[in-house]
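A short worksheet on the structure shown next.
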Amino acid sequence: MLSYIIRRLAEMVPLLVGISILVFLLVHLSPGDPVRMLLGEDATEEDVANLNRIYGFDRPLHEQYFRWAKNMLRGDFGTSIRQGVPVSQLVFQRIPATLELAFVSVLIAVILGIPLGIFAAVKRGTIWDYISMIAALIGVSMPSFWLGLLLLSRIALHVDFLPMFGRDGSVFGGLWILLTKWDGSVLLDGVRHIILPALSIGISMMAIIARLTRSSLLEILGNDYIRTAHAKGLARYVVIFKHALRNALLPIITIVGIQFGAMLGGAIVTETVFAWPGLGRLIINAISQRDFPIIQGGVLMMAVIFTTVNLLVDISYALVNPRIRYD
Amino acid sequence: MQKRKLKRKFMFVLLVLVLVISVSGLAAADNDTLIIGSGAEAIGLDPRLETDVPSFERINVIMEPLVKFDVDMNLMPLLASDWEFSDNSLTLTFHLQKGVTWHDGTPFTAHDVKYTYEWVLNPDNGASNRGLYQDISEIEVVNDHEVKFHLAKPYSFLLNNIARMPITPKHDGDRSDFRQNPIGTGPYKLVSWTRDDRMILEANENYWGSKPIIPNLIFRTIPEDATRLLALEAGEIDIYQGGVVPQELPRLEQDSRFVVQRAAGTGYNYLGFNTRVGALGDVLVRQAVSHLINREGIVTRVLNGIGTPGIGPIPTGLPWFNPNVPHYEYSVEKAKELLAEAGYPDGGFKLRLYTNENPTRMRIAEILQHEAQQVGITVEVIIEEWGAYLTRIQETDDYDIFILGWSGQLDPDRAMIRQFHTDGSNNYTGYSNERLDYLLDYGRTVPPDSQESLDIYNEAQEIVVRDVPYGFINFSEEVGIHHPYIKNWSVHPYSAAAWQDAHRMVKDK
């Protein structure tokens with residue numbers, strides 16, 4: 001197991017190098033001059049050339065890349081062209097918000113999606129099955145920004161407990177404060193603010209998980225050993241939860257992992273609708289301003305998180321299904 | 001087993017209790033805190049480096065320029081109590097307010113003024129707006145409260161540019177994190193700033209002018225227009241200017257729970273014609289296309305009534321605005337006649353129309369495409385990402401028509417010389433007219449409040465409108481919205497100055 005993890009970590013290195021080259025090239029080869037956008041409409045040619053020299057954009061591309069990569073290895077993400085702030089500060093400030101939203105959304109999706117899938121599978125062919133799957137279909141078809149605005153205008157406007165926008169407090173940090181200092185206010189603020197954005201993402205993800213749970217479970221339920229378990233006279237819920245569900249979980253874990261990763265970049269729209277100060281918004285703004293260091297540093301950090309989550313998912317297979325061995 | 005279950009139940013009940021107790025602590029912001037919504041985050045807070053409106057919205061409550069624009073676009077004293085031009089227009093003398101201190105207690109003097117402008121004028125510092133001040137040749141400190149700007153050549157509208165540059169402190173302006181955590185002379189002091197989330201400010205108790213009435217000021221960044229409006233409706237923010245959802249305006253104006261304020265803005269949208277190549281090189285063709293712009297229809301249908309039909313390059317609120325220029329009313333017949341006169345009786349040519357991913361501009365492009373079809377012109381609409389689009393317009397002439405807008409056109413010089421002078425820094429269309437060049441050069445040397453100045457720019461507008469380097473689509477309009485319990489605030493035509501008088505505002509909930 002340990003050697004497997006080490007090997008996987010080693011494999012991440014060339015992957016990240018590849019991503020860094022790709023991001024760098026995409027950013028530098030796409031049209032749009034950061035210096036012109038920075039200097040605004042009154043810039044003279046002299047000012048443009050001067051600033052290009054200051055930022056090193058007049059150097060050959062490979063030279064710029066190696067300088068950036070060298071600094072990255074030392075933990076120096078560079079400085080934002082537009083804002084003059086270290087990129088690491090901007091990126092790390094937003095990672096908690098992004099991870100928290102991703103985690104809570106996935107949690108909502110799992111808590112709602114798996115039971116719904118099981119319910120539909122057990123009631124297969126009945127009206128309940130159809131209702132559940134139609135609900136899932138609606139969930140997966142609703143664009144999250146539309147659902148978000150709907151939640152805001154139909155629910156948050158009438159419920160004082162639910163704020164319209166922004167992030168206050170914290171869920172993880174708040175939980176820690178609650179357990180150590182018996183103060184629930186930070187957690188409460190965190191929960192109030194995260195419910196709607198997490199729901200708007202979680203519902204469409206829930207739908208995917210519910211459909212997958214249903215089909216995966218149905219496949220398992222058709223196996224001989226399930227029939228044997230029933231024949232042994234085991235209670236129905238024991239058969240479903242202990243014998244069938246555990247085996248049906250593997251593909252579900254895979255999809256949860258992928259969804260979690262997609263959340264990192266894909267929550268941009270939701271982050272905008274709810275004014276959630278996450279990584280996606282930072283990167284999108286940086287793209288429109290051609291703030292190269294932020295785009296490069298931000299995307300690379302996302303890649304690191306994504307590959308790490310993937311690794312965790314692969315490791316978790318063994319916990320669910322002990323027959324899986326890593327070597 | 002049983003015991004563990006009990007313990008868990010107990011923990012759960014406790015958790016719920018703690019949560020419920022903390023709910024009672026929730027309260028909306030009181031009269032001591034003004035919460036302003038904003039559509040975008042500030043890039044930074046150093047007036048020497050920023051170019052965007054959201055940055056200046058915030059900078060203008062922390063720092064102050066020598067002079068400012070009031071809501072009627074008149075220049076008013078701020079850090080300068082008085083000023084005068086010398087007879088040859090080559091020296092501008094400012095008498096500074098006395099008793100002004102920086103937020104850290106250091107007195108404000110003429111040396112701060114000299115420091116700020118010299119910093120901006122030094123090319124090594126990369127100041128974004130250096131071009132606005134490059135006619136200043138020397139800044140002379142007469143004494144702590146008097147400073148002279150010596151000009152290389154007369155520039156009558158320099159004051160308007162000076163109104164855009166808040167003064168920064170000499171003793172603190174080179175601090176490495178000044179841009180994130182500045183001090184100023186303004187009515188509010190920065191307390192903390194979390195990007196993309198909120199900026200918290202508190203009243204400057206030692207403010208030299210009228211003392212701030214509301215002790216705390218918070219800017220909240222809410223990028224989505226619909227969410228920002230909902231946040232206002234829910235009472236989570238008190239006020240904002242800009243980006244009010246147009247479709248909602250009729251409802252909001254009827255609703256007594258809100259106050260909507262509107263004012264003519266300082267910008268406009270236009271079609272830029274590439275006058276160097278193809279059919280558009282012919283002024284008759286450009287006039288024909290201008291007749292195809294259904295300005296009334298665009299304002300009512302696309303802009304939902306926000307704005308007014310475009311006429312010329314100078315905003316309607318400025319004294320130089322000339323309403324008596326030729327108007328290109330929407331008329332397919334007129335367009336056909338002009339095209340026939342130009343030798344294209346059945347159209348029969350193709351134009352590439354570029355725009356960025358702005359929904360309003362994309363709709364305008366589609367409308368024009370449809371109108372052009374009626375006279376036999378094929379318009380191909382090409383939509384590009386903003387950065388790429390701007391590069392195309394600014395650095396190539398590989399297009400026929402583009403849609404862009406100008407904002408912050410505070411005087412006729414700024415509204416015309418860069419865009420239409422043969423050597424103008426933003427003359428993207430390649431337009432050139434000798435008489436116009438002369439007028440625009442001469443206009444900068446004439447006192448702005450003189451009849452001569454009005455005459456010069458009247459003629460200049462006539463030339464531009466007749467030659468049609470731009471097809472003017474619409475003038476902008478500023479819209480602000482707030483709850484009725486907010487008083488002493490007026491929407492500002494120049495949105496960067498929207499909150500400069502926040503210290504006079506009252507919140508009486």
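The values are calculated or read from the model by the stated rules, or taken from the named source; none is laboratory data. Keep in mind it's a predicted model, so treat the numbers as computed, not measured. Here Cβ is always computed from backbone atoms with ideal geometry, including for glycine, and neighbour counts include all displayed protein chains. Remember, those area values only see protein heavy atoms, side chains included, never the ligands or the DNA or RNA. Shrake-Rupley method; radii C 1.70, N 1.55, O 1.52, S 1.80 Å.
The antiparallel fraction among DSSP beta bridges confined to chain B stands at about 75%. In degrees, nearest 10, range 0 to 90: what is the angle between the Cα axis of helix A:279-289 and the longest Cα principal axis of chain A? Once rounded, one gets 30 degrees. Farthest towards the positive end of the charge dipole of segment A:88-289, among the residues A:125, A:254, A:209, is the Cα of A:125, using unit charges on the Cβ of Lys, Arg, Asp and Glu. Only lysines eight or more places from residue A:232 in sequence, or on another chain, were considered; those with a Cα closer than 19 Å are A:242. Using Cβ point charges alone (K and R +1, D and E -1), the dipole size of chain A about the Cα centre works out to roughly 1560 debye. What the Cβ-Cβ distance of residue A:262 and residue B:383 gives, at R0 = 22 Å and to the nearest 0.05, is a FRET efficiency of 0.25.
The charge dipole of the protein assembly as shown, taken about its Cα centre with unit charges on the Cβ atoms of Lys, Arg (+1), Asp and Glu (-1) only, comes to about 6100 debye. Note on segment B:64-162: with charges restricted to the Cβ of Lys and Arg (+1) and Asp and Glu (-1), its dipole about the Cα centre is near 160 debye.
The A-B contact accounts for roughly 4200 square angstrom of buried accessible surface, both chains included, probe 1.4 angstrom. The heavy atoms of residue A:123 present about 80 square angstrom of accessible area, all protein chains included, probe 1.4 Å. Taking only the Cα atoms of chain A, the radius of gyration and Dmax are 24.0, 86 Å. In segment B:64-162, the inverse of the mean reciprocal separation of distinct Cα atoms equals 14.1 Å; this is its Kirkwood hydrodynamic radius. Could you list log10 I(q)/I(0) for segment B:335-460 at q = 0.17 Å⁻¹, which the Debye formula gives when each Cα is one point scatterer? Rounded to two decimals, the profile gives -1.01.
Of A:66, A:165, A:292, the residue with the greatest mean-square motion in the GNM of chain A, using alpha carbon springs below 10 Å, is A:66. A 1.4 Å probe over all protein chains sorts A:128, B:320, B:386, B:119 by accessible area into A:128, B:386, B:119, B:320, starting with the largest.
Of the accessible area of chain A, computed with a 1.4 Å probe over protein heavy atoms only, carbon and sulfur atoms account for 68 percent. In summary, the aspartates and glutamates within cross-link reach of residue B:350, defined as a Cα separation below 20 angstrom excluding same-chain residues under 8 places away, comprise B:282, B:333, B:337, B:341, B:366, B:371, B:380, B:384, B:397, B:398, B:400. For segment A:1-48, the fraction of alpha-carbon pairs lying more than 17 Å apart is 60 percent, rounded to a whole number. Taking the charge dipole of segment B:404-459 about its Cα centre, with +1 at Lys and Arg Cβ atoms and -1 at Asp and Glu Cβ atoms, the residue from B:424, B:443, B:458 reaching farthest to the positive side is B:424.
Relative to the dominant Cα principal axis of chain A, helix A:172-181 is inclined by about 70°.
With Rh defined as the Kirkwood radius, the inverse of the mean 1/r over Cα pairs, the Rg/Rh of segment A:276-315 is 1.12.
Between residue B:277 and residue B:394, the C-beta separation translates, for a Förster distance of 22 Å, into a calculated FRET efficiency of about 0.85.
Counting only the Cα atoms, segment B:265-477 fills a convex hull of 108 Å³ per residue.
Over chain A, DSSP H runs of length four or greater, each weighted -39,500 (n - 2.57), average out per residue to a 222 nm ellipticity of -24500 deg cm²/dmol. Rounded to two decimals, the Cα-based Rg/Rh of segment A:99-245, with Kirkwood Rh, is 1.10.
To make sure I understand the rule: partners must be lysines, Cα under 22 Å from the Cα of residue A:181, and not fewer than 8 residues away in the same chain. Which ones qualify? The qualifying lysines are B:7, B:9. Across segment A:155-223, Cα-Cα distances exceeding 15 Å account for 65% of all pairs. Within the listed set A:240, A:108, A:294, the residue fluctuating most in the Gaussian network model of chain A (springs between alpha-carbon atoms under 10 angstrom) is A:240. Axis angle, to the nearest 10 degrees, between helix A:185-221 and the longest C-alpha principal axis of chain A: 50 degrees.
Look at the dipole of segment B:64-162 built from charges on Cβ: of B:90, B:126, B:137, the Cα furthest out on the positive end belongs to B:126. Using the Stokes-Einstein relation with a Kirkwood hydrodynamic radius computed over Cα pairs, the translational diffusion coefficient of segment B:465-505 at 4 °C and a viscosity of 1.567 mPa s comes to 100 µm²/s. The Rg/Rh ratio for segment A:202-248 is 1.09, where Rg is the radius of gyration of the alpha carbons and Rh is the Kirkwood radius. Ordering B:103, B:503 by accessible surface, largest first, gives B:103, B:503; the 1.4 Å probe counts only protein heavy atoms, with every chain in place. Determine the percent antiparallel among the DSSP beta bridges restricted to the protein assembly as shown, to the nearest 5. The antiparallel proportion sits near 80 percent. Remark: the protein assembly as shown carries 43 Å² of accessible area per residue (probe radius 1.4 Å; ligands, DNA and RNA excluded).
The Cα center of segment B:181-233 and the Cα center of segment A:180-254 differ in position by 45 Å. Rounded, prolate or oblate: which fits chain B, taking a ≥ b ≥ c as square roots of the Cα gyration tensor eigenvalues, rounded meaning a/c under 1.5, else prolate when a/b beats b/c? The shape class here is oblate. Per residue, the convex hull around the alpha carbon atoms of the protein assembly as shown comes to 205 Å³.
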